[in-house]
Amino acid sequence: MEKKIRQVIRSKYLDKDVAELYEYGLETFGELFANIFLEELKHSINALSYQYHLHSECKHLETKTQIYRNIILGKYLIIYRIKAEKIEVLRALHGSQSPKKIKAIKKIK
């Protein structure tokens with residue numbers, strides 16, 4: 001079964017999350033590692049256009065159709081939703097976040 005290439009859409013929440021992750025990386029690990037992490041994050045998100053089924057279902061957002069998936073990048077989860085014509089990248093959260101906060105992702109339009 002051939003998987004088609006889909007457009008990747010970023011939520012407004014994702015941009016805020018990425019900015020916060022980058023700032024945290026700068027303060028904690030320095031510019032070099034913050035930039036490396038940011039590049040890995042961007043590459044992972046861009047690759048979703050054709051690798052959206054590669055990652056596992058998000059254990060906090062289980063559905064019969066497995067539309068909520070996550071990329072694990074270090075200690076972070078990049079959560080996305082598979083739609084008919086596009087991939088919606090919803091949030092980038094630390095893996096220790098409250099399951100309630102993760103479950104609230106379902107409400108993102």
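The values are calculated or read from the model by the stated rules, or taken from the named source; none is laboratory data. Note that the structure is a prediction, hence the values are computed from the model and not measured. We place every Cβ from the backbone using ideal geometry, glycine too, and count neighbours over all the protein chains shown.
Condition first: in a strand (DSSP E or B), at pLDDT 95 or above and of a type outside the set (D, E, K, R). Can you find one or more residues in region 61-69 that meet it? Spell out the reasoning first.
To start, the set of residues in region 61-69 that are in a strand (DSSP E or B) comprises 68-69.
Applying the additional criterion that residues be at pLDDT 95 or above yields 68-69.
From the residues that got through so far, the ones that are of a type outside the set (D, E, K, R) too are 68.
Yes, region 61-69 contains a residue that is in a strand (DSSP E or B), at pLDDT 95 or above and of a type outside the set (D, E, K, R).
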#### Entry: Failed item, numbered, when Phe33 is tested on (1) at pLDDT 95 or above; (2) in contact with a Gly (Cβ under 9 Å, 6 or more places away or on another chain); (3) under 19 Å from Lys106 (Cα atoms)
(3)
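Would you confirm, using the coordinates I've provided, whether Arg10 is touching a Lys or Arg at 6+ places or on another chain (Cβ under 6 Å), surrounded by 11 or more Cβ atoms within 10 Å (Cβ to Cβ) and either among the aliphatic types (A, V, I, L, M) or within 16 Å of Arg69 (Cα to Cα) (or both)? Give the derivation first.
On the way: touching a Lys or Arg at 6+ places or on another chain (Cβ under 6 Å): no; surrounded by 11 or more Cβ atoms within 10 Å (Cβ to Cβ): yes; either among the aliphatic types (A, V, I, L, M) or within 16 Å of Arg69 (Cα to Cα) (or both): yes.
No: the conditions fail for Arg10.
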## Note on the structure
Filtering region 70-109 down to residues that are in a loop (DSSP other than H, G, I, E, B), over 25 Å from Phe37 (Cα atoms) and out of contact with any strand residue (DSSP E or B) (no Cβ under 9 Å at 6 or more places or on another chain) yields Ala84, Lys109
### Task
Could you tell me whether any residue of region 49-63 is within 17 Å of Ile108 (Cα to Cα), loosely packed, with under 12 Cβ neighbours inside 10 Å and either among the aromatic types (Phe, Trp, Tyr) or free of Cβ contacts under 8 Å to residues at least 24 places away in the same chain (or both)?
yes
### Query
Residues Tyr22, Tyr13: which one is in a helix (DSSP H, G or I), touching a Leu at 6+ places or on another chain (Cβ under 6 Å) and hydroxyl-bearing (Ser, Thr, Tyr)?
Tyr22
